[in-house]
Amino acid sequence: MSMSNSDKSEKKYKGIRRRKWGKWVSEIRVPGTQDRLWLGSYSTPEAAAVAHDTALNCLRGASSSLDNFNFPLMLPASSRIGMSPRSVQRVSSDAGMAIDAQFLASSSSDNVEKVDQNGKGSWLDDQ
């Protein structure tokens, strides 16, 4: 089974995939089992990748090479080895949602009208 060029260029992070309606999702296998741990659905591929990295760190720890991580420097302090799968899921989801929130905040601040000293947006002047 071969991937098309568009699929290859879109998949630049490990452990994530894009749903046909545009959301990015992440899941990971629990070591020693055939179970998959659902890590969540995100607006950005970076958020899904951070969720995957966090889970990978919690589940595999030092046995995982830094090459296996998408963003090794962005692992949250709350992720640690030996957590239950449910705790891994919660910590990973929180990390991914934090990245999504940062992205959404930065993109919405780019679209917000600047408010003048009187507290009125420049769009009010046109009315």
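For this structure, a couple of remarks:
- Filtered residues of segment 13-62 (kept if farther than 23 Å from SER84 by Cβ, touching an Asp or Glu at 6+ places or on another chain (Cβ under 8 Å) and either part of a strand (DSSP E or B) or free of Cβ contacts under 8 Å to residues at least 24 places away in the same chain (or both)): ARG18
- Among (1) of a type in the set (D, E, K, R); (2) closer than 18 Å to ALA98 by Cβ; (3) surrounded by fewer than 17 Cβ atoms within 10 Å (Cβ to Cβ), the one test that ASP53 misses: (3)
- Meets criteria (loosely packed, with under 14 Cβ neighbours inside 10 Å, within 15 Å of ALA47 (Cβ to Cβ) and without any contact (Cβ under 8 Å) to a residue 40 or more places away in the chain) for ALA101: yes
- Filtering segment 39-89 to residues that are under 14 Å from the mean Cα position of the chain (by Cα) and hydroxyl-bearing (Ser, Thr, Tyr) leaves SER41, TYR42, SER43, THR44, THR54.
- Qualifying positions in segment 63-89 - surrounded by 14 or more Cβ atoms within 10 Å (Cβ to Cβ), closer than 16 Å to ARG29 by Cα and not aliphatic (A, V, I, L, M): SER64, ASN68, PHE69, PRO85, SER87, GLN89
- Residue within segment 104-127 that is closer than 17 Å to SER41 by Cα, touching a helix residue (DSSP H, G or I) at 6+ places or on another chain (Cβ under 8 Å) and either part of a helix (DSSP H, G or I) or modelled with pLDDT under 55 (or both) present: no
The values are calculated or read from the model by the stated rules, or taken from the named source; none is laboratory data. The structure presented is a predicted model; accordingly, all values stated were derived computationally and were not measured. Glycine gets a Cβ as well: all are built from the backbone with ideal geometry, and neighbour counts include every protein chain shown.
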